[in-house]
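Asker: Sending over a structure as structure tokens; questions will come in a sec.
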Amino acid sequence: MAESTIGMLYGLGTLIVMFSGIPIAFALGTIAVLFMLVFMPAAATDTITQNVFEEMANITLLSIPLFILKGAAIGRSRAGADLYLAIHAWMHKIPGGLGIANVFACALFAAMAGSSPATCSAIGGAGIPEMRSRGYSPGFAAGIIAAGGTLGILLPPSITMILFAVAAEQSLGRLFLAGIGPGLLLVALFAGYAVFRFKVEYNSALDVWHSGGAKSAYLDEMKMTRADKTRMLPRVIPFVLLLIGVMAALYGGYATPSETAGLGGILALALIAGIYGVWRPAQLKPILNSTLKESTMLMFIIGMSLLYSYVMSYLHISQGAAEWIVAMHLSKWLLLAAILLFVVVLGFFLPPVSIILMTAPIILPPLKDAGFDLIWFGIVMTVVMEMGLIHPPVGLNIFVIKNVAPDIPLKDIVWGVMPFLGLMFLAVLLLCLFPGIATWLPDLVMGVAS
Amino acid sequence: QSAGELKISHQFPGGTATEGDFRDRLCRRFSAEIGKRTNGALRGTVYPGSSLMKTNAQFSSVRKGALDMTLVPLSYAGGEVPETNIGLMPGIVTNYDQAVSWKKAEVGKALANILADKGVLIVSWIWQAGGVASRTVPIVNPEDAKGLKVRGGSREMDMVLKAAGSTVLTLPSNEIYAAMQTGALDAAMTSSTSLISFRLEEVAKALTTGRGKTYWFMFEPLLISRTVFEKLPKAQQDVIMAVGAEMEAFALEGAKADDQAVAAVYQKAGGKAYDLNDAAVKKWQAIARDTAWKDFAGKNESCARILKLAEATL
Amino acid sequence: MSHGFELEGAVKAPEIPEGGILEGINRLMQGLHTAIMFLSSIALLLASLILCSSVFLRYFLKIPTDWQDEMSVFLLVGATFMCAGYVQSQRGHIGIEAVASLLPPLVNRLRLVFCDLVSFLFCSFFSWKSMLLLHEAWVDGQTTSSSWAPPLWIPYGFMTTGMTLLSLQILLQLLAGIVRKEK
Ligand code: NA
Ligand code: NA
């Protein structure tokens with residue numbers, strides 16, 4: 001059978017298995033094993049367990065549960081609620097202030113974590129309930145966190161950028177710096193949208209109320225004196241301490257990136273123990289339980305998607321498709337468009353780490369020959385892969401949201417993230433028109449690349 | 001899937017037959033050449049950058065016949081086949097001439113037999129020198145490593161470094177750059193080619209090269225699965241082994257060129273390159289003899305025998 | 001907990017029918033899951049503490065830290081696999097339920113049974129292969145290739161046990177689904 005036929009069968013089979021409702025992790029594993037049995041040597045299935053184990057037993061990836069622990073400690077104790085209360089007290093006059101605060105919180109956490117689902121979970125655990133209790137629609141709240149969470153891989157440090165830098169033989173330092181401009185651009189776009197959407201939702205809530213309907217929490221006035229507001233300020237201290245502690249350990253050269261993840265978890269637990277008295281086993285149980293539940297779910301999807309991408313790679317499906325695109329000898333910008341479209345399609349099914357490992361070796365040489373700056377392309381590709389993280393059927397961030405807010409229907413989450421997908425697409429266009437958004441900072445700090 | 005396809009997996013950055021990491025280029029040349037000599041009856045497909053499977057799964061997949069070929073540092077199999085640790089034993093190989101002599105020496109034959117018993121055949125004997133990138137002082141003599149936070153990268157190297165007084169730490173290779181940038185890590189050891197692709201010259205200013213002689217040599221052969229190999233017709237087996245042997249000269253040239261290139265990279269970035277002399281290599285070797293060599297020989301009789309045969313090539 | 005929107009548990013109905021063998025097995029599994037969650041929580045905390053302590057040991061006391069990363073990895077991987085059964089008991093392995101609302105109730109029930117059956121087949125296959133890997137690591141005395149070089153049968157043992165428990169949990173839910181259908 002031709003590579004392309006097998007590839008189409010693989011894609012189709014995946015869609016059927018996934019939409020049947022089988023849990024994503026098992027669906028990925030099942031389709032992979034089926035294709036192994038039919039199209040690969042018998043010995044292939046003897047290696048699946050070792051491959052999955054090697055994928056999971058990796059300290060870089062296993063920092064995800066530790067980041068989730070840090071997020072859960074804040075999000076599932078009063079610390080998170082207090083933080084949002086304080087931010088809200090100071091920002092409630094700004095339309096969409098709480099939404100903006102959440103985007104900023106995601107960006108700050110992204111600067112501490114290298115993975116997007118971890119960022120999403122850390123902020124979403126506290127952020128989504130707080131936004132909803134103040135009237136934000138479930139889809140809007142979910143969208144902000146899902147999209148804000150994707151910044152985890154665009155703002156340094158980033159697991160996927162590390163892999164890209166190695167595959168593309170580019171400077172990691174330069175790539176990290178190049179992510180900052182576009183990261184801030186996305187923060188601005190997301191925040192701007194939060195203001196707009198807030199106004200729309202606020203006005204419709206107002207209409208409903210005026211026409212005799214229910215009064216939305218949007219319309220609850222916060223009456224706060226300056227003294228009240230000032231009293232709220234110390235509640236931000238635990239979060240600031242945590243941020244400073246983690247940043248100092250990482251950038252001060254005390255801890256390696258993976259140690260920083262463990263340090264963050266312990267520091268967060270120590271803070272809620274010291275300040276909120278949360279230290280008894282019964283109090284810690286919900287935090288630890290939710291951390292284990294969520295990270296097990298995520299690690300299973302990541303582990304099994306390794307099997308899935310192993311089969312894709314072995315059967316030369318992704319490579320074949322990439323080679324087919326390259327063989328069309330498209331003009332410079334058409335080539336870029338085709339490749340990005342390809343990354344989007346892969347992003348339907350695969351997490352960013354797998355996409356980079358499989359496609360980078362094939363798509364990078366022609367892009368380089370076409371005259372694209374690979375640092376710039378690394379950033380564009382990262383933004384496109386971020387879109388994959390909030391795009392069904394496999395969108396890790398969507399699953400995290402589904403986990404932290406199980407009562408929001410998947411449909412609402414998916415619709416909620418759509419506008420953000422549009423904003424990310426806009427960011428990609430802006431990056432194409434003004435490459436300087438990405439390249440300006442690294443050129444400034446490290447000099448123009450030779 | 002097609003009858004004559006050999007899938008070759010490795011962990012190094014991918015390129016083309018003429019550009020990029022020489023280990024990747026070697027695999028591509030090998031593929032092209034076997035295709036030519038068998039008139040297309042046999043062809044290789046290269047999967048660079050661990051794009052087919054996890055680095056650590058490659059060796060056992062070759063053993064089981066799930067993967068046809070791999071180019072891999074042999075010592076990665078150390079947990080599975082203890083004898084393979086000799087492939088990255090500090091001080092046991094000190095220059096390229098000695099390294100090349102292994103294939104025909106007793107140690108080479110013994111090692112090949114052990115691997116064959118485990119279901120793996122050596123197609124190309126590839127050796128590479130390595131060096132140390134340091135953000136502070138250059139690590140030339142063992143005394144220099146005292147008190148520094150160093151990533152040795154292997155059990156044996158870590159033992160030597162600990163004996164030299166370093167604060168050894170482990171971290172994945174993709175975190176070296178970040179850790180060195182912040183100062184969590186002072187120095188790291190790896191092959192010249194990987195030193196180039198990790199771009200540590202941006203964060204490390206002192207390089208100790210493997211030019212001339214060094215205590216850091218790594219054996220990273222091109223391997224084929226025995227079950228896969230034995231299913232091929234004799235003529236194709238001969239082509240594989242012949243082309244594999246021819247690639248060794250290319251590998252030697254590539255490895256030596258990278259030892260020079262990495263020095264140039266550091267100098268260009270404003271750093272400084274240092275070379276090891278005889279006396280320094282002897283000092284490292286003396287420490288290794290008391291630590292890593294002893295530990296290795298103590299594992300089992302087979303390891304002790306391999307060590308003895310290896311020492312004979314010194 | 002401070003916020004009112006976390007309706008955890010509210011979406012799931014009692015899955016296992018009351019009375020009969022299934023309930024007994026379910027009780028047993030629940031007990032096991034509780035114990036595992038407790039031990040995994042300790043593993044999670046321990047992994048974090050080990051990573052923290054390695055910063056302190058290396059930076060301030062200049063003591064080499066060459067086993068801490070691997071130890072934490074094993075604790076976390078062990079916890080991940082061991083908790084999989086519990087997560088399944090809570091239906092926490094997320095899937096796409098988009099078609100659920102489009103199907104008539106009977107067809108939807110069949111679909112759920114089908115999903116559990118496929119999940120069960122895959123997880124048992126994986127468990128079986130894990131067992132083979134565990135056996136191989138045990139017989140060959142395999143270790144990791146690090147400085148610390150712990151035996152591989154330990155993490156492989158967690159993988160095998162965890163996947164087997166997961167398979168049993170799915171089987172239980174599968175059987176419950178079939179029984180429920182026949183009522
Ligand atoms: Na990040
Ligand atoms: Na996706």
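Asker: Would you point out which residue out of A:Gly125, A:Gly139 is in contact with an Asp or Glu (Cβ under 6 Å, 6 or more places away or on another chain), part of a helix (DSSP H, G or I) and either within 16 Å of ligand 1 (Cβ to nearest atom) or farther than 23 Å from A:Ala248 by Cβ (or both)?
Answerer: One residue alone meets the criteria, A:Gly139.
Asker: Determine whether A:Phe300 is at the interface with another protein chain (Cβ under 10 Å from one of its Cβ atoms), more than 16 Å from ligand 1 (Cβ to nearest atom) and either of a type in the set (Asp, Glu) or buried (at least 21 other Cβ atoms within 10 Å of the Cβ) (or both).
Answerer: Considered against the rule, which asks whether it is at the interface with another protein chain (Cβ under 10 Å from one of its Cβ atoms), more than 16 Å from ligand 1 (Cβ to nearest atom) and either of a type in the set (Asp, Glu) or buried (at least 21 other Cβ atoms within 10 Å of the Cβ) (or both), A:Phe300 comes out as yes.
Asker: List pairs: first residue in the range A:333-348 and away from chain C (no Cβ under 14 Å) and away from ligand 2 (no atom under 16 Å from the Cβ), second residue open to solvent by 50 Å² or more (accessible area, probe 1.4 Å) and not in a helix (DSSP H, G or I) anywhere in the structure, Cβ distance under 9 angstrom, at least six positions apart or on different chains.
Answerer: Within 9 Å, the pairs are A:Leu334/A:Met328; A:Leu335/A:Met328; A:Leu335/A:His329; A:Leu336/A:Leu330; A:Ala337/A:Leu330; A:Ala338/A:Met328; A:Ala338/A:Leu330.
Asker: Could you list all residues from the range A:120-139 that are surrounded by fewer than 24 Cβ atoms within 10 Å (Cβ to Cβ) and more than 13 Å from chain C (Cβ to nearest Cβ)?
Answerer: A:Gly139
Asker: Can you tell me which residue is nearest to ligand 2 (Cβ to nearest atom) among those in the range A:364-382 that are within 14 Å of chain B (Cβ to nearest Cβ) and not basic (Lys, Arg)?
Answerer: Out of the qualifying residues, it is A:Gly378.
Asker: Which residues, taken from the range A:431-449, are buried (at least 16 other Cβ atoms within 10 Å of the Cβ) and either touching a His at 6+ places or on another chain (Cβ under 6 Å) or in contact (Cβ under 8 Å) with a residue 24 or more places away in the chain (or both)?
Answerer: Across the range A:431-449, the qualifying residues are A:Leu431, A:Pro435, A:Ile437, A:Ala438, A:Thr439, A:Leu441, A:Pro442.
Asker: With A:Met312, A:Met385, A:Met358 as the choices, which residue is modelled with pLDDT of 85 or more, within 16 Å of ligand 2 (Cβ to nearest atom) and over 18 Å from A:Ile145 (Cα atoms)?
Answerer: On inspection, the qualifying residue turns out to be A:Met312.
Asker: Considering only residues that are open to solvent by less than 70 Å² (accessible area, probe 1.4 Å) and in a helix (DSSP H, G or I), which ones fall in the range A:224-233?
Answerer: The answer is A:Ala227, A:Asp228, A:Lys229, A:Met232.
Asker: Quick one: which residue in A:Leu28, A:Leu69 is crowded, with 23+ Cβ neighbours inside 10 Å and either of a type in the set (S, T, N, Q) or under 30 Å from A:Ala126 (Cα atoms) (or both)?
Answerer: A:Leu69 is the lone residue from the list that is crowded, with 23+ Cβ neighbours inside 10 Å and either of a type in the set (S, T, N, Q) or under 30 Å from A:Ala126 (Cα atoms) (or both).
Asker: Tell me which residues, restricted to the range A:49-62, are open to solvent by less than 10 Å² (accessible area, probe 1.4 Å) and more than 7 Å from every other protein chain (Cβ to nearest Cβ).
Answerer: Result: A:Val52, single match.
Asker: Go through the residues of the range B:39-47 one by one and say whether even a single one is β-branched (Val, Ile, Thr), open to solvent by less than 10 Å² (accessible area, probe 1.4 Å) and under 16 Å from B:Ser225 (Cβ atoms).
Answerer: Looking through the range B:39-47, none of the residues is β-branched (Val, Ile, Thr), open to solvent by less than 10 Å² (accessible area, probe 1.4 Å) and under 16 Å from B:Ser225 (Cβ atoms).
Asker: Please verify whether the range B:72-85 includes one or more residues that are more than 11 Å from chain A (Cβ to nearest Cβ) and more than 19 Å from the chain's Cα centre (by Cα).
Answerer: No, that holds for no residue.
Asker: Just to be sure I understand, how many residues within the range A:337-353 are within 16 Å of ligand 1 (Cβ to nearest atom) and either part of a helix (DSSP H, G or I) or over 17 Å from the mean Cα position of the chain (by Cα) (or both)?
Answerer: 2
Asker: Given the condition in a loop (DSSP other than H, G, I, E, B) and in contact (Cβ under 8 Å) with a residue 40 or more places away in the chain, answer yes or no: does some residue in the range A:413-428 qualify?
Answerer: Looking for residues that are in a loop (DSSP other than H, G, I, E, B) and in contact (Cβ under 8 Å) with a residue 40 or more places away in the chain, one finds none in the range A:413-428, hence no.
Asker: When you check B:Ala66 against the structure, is it assigned to a helix (DSSP H, G or I) and at the interface with chain A (Cβ under 7 Å from one of its Cβ atoms), yes or no?
Answerer: Against the criterion (assigned to a helix (DSSP H, G or I) and at the interface with chain A (Cβ under 7 Å from one of its Cβ atoms)), B:Ala66 does not qualify.
Asker: Quick check on this structure: which one of B:Ser173, B:Ser192 is of a type in the set (Ser, Thr, Tyr) and facing chain A (nearest Cβ under 9 Å)?
Answerer: Just one listed residue meets the conditions, B:Ser173.
Asker: Now for a separate question. Would you please name the residue that is nearest to the other protein chains (Cβ to nearest Cβ), looking only at residues in the range A:207-258 that are under 34 Å from the mean Cα position of the chain (by Cα) and acidic (Asp, Glu)?
Answerer: Once the filter is applied, the top-ranked residue is A:Asp220.
Each row is one residue, and each column tells you yes or no for (1) within 16 Å of ligand 2 (Cβ to nearest atom); (2) away from every other protein chain (no Cβ under 11 Å); (3) not hydroxyl-bearing (Ser, Thr, Tyr).
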{"site": "A:Ala146", "(1), (2), (3)": "yes, yes, yes"}
{"site": "A:Pro157", "(1), (2), (3)": "no, no, yes"}
{"site": "A:Ala191", "(1), (2), (3)": "no, yes, yes"}
{"site": "A:Val195", "(1), (2), (3)": "no, yes, yes"}
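Asker: Any idea how many residues of the range C:131-152 are without any contact (Cβ under 8 Å) to a residue 40 or more places away in the chain, among the small types (Gly, Ala, Ser) and under 18 Å from C:Leu75 (Cα atoms)?
Answerer: Qualifying residue count for the region: 2.
Asker: Residue by residue through the range B:140-158, note down the ones that are under 19 Å from C:Trp67 (Cα atoms) and in contact with a strand residue (DSSP E or B) (Cβ under 8 Å, 6 or more places away or on another chain).
Answerer: Across the range B:140-158, the qualifying residues are B:Gly147, B:Leu148, B:Lys149, B:Val150, B:Arg151, B:Gly152, B:Gly153, B:Met157, B:Asp158.
Asker: Could you check B:Leu314 against (1) at pLDDT below 95; (2) buried (at least 18 other Cβ atoms within 10 Å of the Cβ) and say which number it fails?
Answerer: Condition (2) is where B:Leu314 drops out.
Asker: Exactly one of these conditions fails for C:Val107: (1) at the interface with another protein chain (Cβ under 8 Å from one of its Cβ atoms); (2) over 18 Å from the mean Cα position of the chain (by Cα); (3) farther than 30 Å from B:Gly147 by Cβ. Give me its number.
Answerer: It fails just one condition, (1).
Asker: Go through (1) without any contact (Cβ under 8 Å) to a residue 12 or more places away in the chain; (2) part of a loop (DSSP other than H, G, I, E, B) for A:Pro393 and report which single condition fails.
Answerer: Single failed check for A:Pro393: (1).
Asker: Turning to a different aspect of this structure: Quick one: in the range A:407-421, which of the residues that are within 22 Å of A:Thr296 (Cβ to Cβ) and within 14 Å of ligand 2 (Cβ to nearest atom) is surrounded by the most Cβ atoms within 10 Å (Cβ to Cβ)?
Answerer: A:Ile413
Asker: While we're on this one: I'm told C:Cys83 meets every condition in (1) part of a helix (DSSP H, G or I); (2) open to solvent by 10 Å² or more (accessible area, probe 1.4 Å) except one. Can you identify the failing condition by its number?
Answerer: (2)
Asker: Out of the residues in the range A:142-185 that are more than 10 Å from ligand 1 (Cβ to nearest atom) and not in a helix (DSSP H, G or I), state the one that is surrounded by the most Cβ atoms within 10 Å (Cβ to Cβ).
Answerer: It comes out as A:Gln170.
Asker: Let me ask something additional. How many of the residues in the range A:29-48 are among the aromatic types (Phe, Trp, Tyr) and at the interface with another protein chain (Cβ under 8 Å from one of its Cβ atoms)?
Answerer: The total comes to 1.
Asker: OK, next. Within 16 Å of ligand 2 (Cβ to nearest atom) and buried (at least 24 other Cβ atoms within 10 Å of the Cβ): which single residue out of A:Val400, A:Val404 fits that description?
Answerer: Matching residue, one of A:Val400, A:Val404: A:Val400.
The values are calculated or read from the model by the stated rules, or taken from the named source; none is laboratory data. The structure displayed is predicted, hence computed values, not measured ones. Virtual Cβ from ideal backbone geometry, glycine too; neighbours counted across all protein chains shown. Accessible surface is based on the protein model in full, side chains and every heavy atom, while ligands, DNA and RNA are left aside. Shrake-Rupley method; radii C 1.70, N 1.55, O 1.52, S 1.80 Å.
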